[in-house]
Amino acid sequence: MMFRDRIEAGRRLAQALSKTLAPHRGEGTIVLALPRGGVPVAVEVADALDAPLDLVMVRKIGAPGHAEYGIGAVVDGADPQVVIDEHTARMAGADAAYLEETKNRELAEIERRRRAYLGDRPPLDVRGKTVIVVDDGVATGSTAKAALRALKKAGAARRILAVPVAPIETVEALREEADEVVALATPYPFHAVGLYYENFDQTTDAEVVEALSRRG
């Protein structure tokens, strides 16, 4: 399956989600986009479902002295959540003080980015809501996994991950983290998300701001 661009992918994803959400009509639904590439996809989904749209931003928590080695993540929202792999953190020598300092630093960076995209608009409260997490595709699924776990901790009633394309093994793994995973295409072998789009240009900050203003 090939998508012309993220907009077309979002429209096709919205059609699939309309069927998925049919049994849950009347419940509060929020669409959360993973920036930046997930935003134009999520806008189409939110438009079709007439649902509020917000961002869910994830920042990796790296190991002491090895920032690229992830031992957890911090996820923003009305009630920001931290997801830590306790075993990996202990093995990496990350004590409580290190985790707290790193969490605060990454939350500050998330807040800076959120203000750049949304100004002073506060994050939507997911408690008791059906939440649809949207990206333009997933490969390893690590970011989506952190977001889904954080949303569970934040009290979301139902968590749906919706993407146009993903490897089948990642979809199966993420079914353990979400109430439902909707993936339009699960090609095998899977190489890279961008290969399934005719136009996969990088989404700019300006495009994110413009897209979010449509659902403001």
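The values are calculated or read from the model by the stated rules, or taken from the named source; none is laboratory data. Keep in mind that what you see is a predicted model, and the values were worked out from it rather than measured. Heads up, the Cβs are rebuilt from the backbone with ideal geometry, glycines too, and the neighbour counts pull from every protein chain shown.
Annotations for the structure displayed:
Rundown of residues vs (1) under 27 Å from Phe3 (Cβ atoms); (2) touching a residue at least 60 places away in the same chain (Cβ under 8 Å); (3) of a type in the set (Phe, Trp, Tyr), yes/no style:
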| site | (1), (2), (3) |
| --- | --- |
| Ala89 | no, no, no |
| Tyr98 | no, no, yes |
| Thr102 | no, no, no |
| Pro123 | no, yes, no |
| Thr130 | yes, yes, no |
| Ala147 | yes, yes, no |
| Ala154 | no, yes, no |
| Thr170 | yes, no, no |
| Ala178 | yes, no, no |
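- Qualifying residue in the range 122-129 (condition: within 12 Å of the chain's Cα centre (by Cα), of a type in the set (Asp, Glu) and not in a strand (DSSP E or B)): no
- Within the range 168-216, the set of residues being of a type in the set (S, T, N, Q), buried (at least 18 other Cβ atoms within 10 Å of the Cβ) and assigned to a helix (DSSP H, G or I) comprises Thr170 only.
- Scanning the range 29-71 for residues that are in a strand (DSSP E or B), without any contact (Cβ under 8 Å) to a residue 40 or more places away in the chain and either surrounded by 24 or more Cβ atoms within 10 Å (Cβ to Cβ) or not acidic (Asp, Glu) (or both) yields Ala63, His66, Ala67, Tyr69, Ile71.
- Some residue of the range 50-61 being under 29 Å from Glu86 (Cα atoms) and over 14 Å from the mean Cα position of the chain (by Cα): yes
- Test result for Glu8, of a type in the set (Asp, Glu) and in contact with a strand residue (DSSP E or B) (Cβ under 8 Å, 6 or more places away or on another chain): no
- Residue match in the range 8-19 (condition: at pLDDT below 95, surrounded by 17 or more Cβ atoms within 10 Å (Cβ to Cβ) and not small (Gly, Ala, Ser)): yes
- Yes/no for Ala78 being within 24 Å of Ala33 (Cα to Cα) and among the small types (Gly, Ala, Ser): yes
- Among the residues making up the range 99-132, those that are assigned by TED's automatic domain parsing to the domain that holds Leu13, more than 30 Å from Tyr196 (Cα to Cα) and aliphatic (A, V, I, L, M) are Leu124, Val126.
- Of note, Asp135 satisfies the criterion of being assigned by TED's automatic domain parsing to the domain that holds Val43 and in contact (Cβ under 8 Å) with a residue 40 or more places away in the chain.
- Among the residues here, Arg159 qualifies as crowded, with 18+ Cβ neighbours inside 10 Å, of a type in the set (Lys, Arg) and either at pLDDT below 95 or within 25 Å of Asp79 (Cβ to Cβ) (or both).
- Of the listed requirements (1) assigned to a helix (DSSP H, G or I); (2) within 21 Å of the chain's Cα centre (by Cα), Val83 misses just one: (1).
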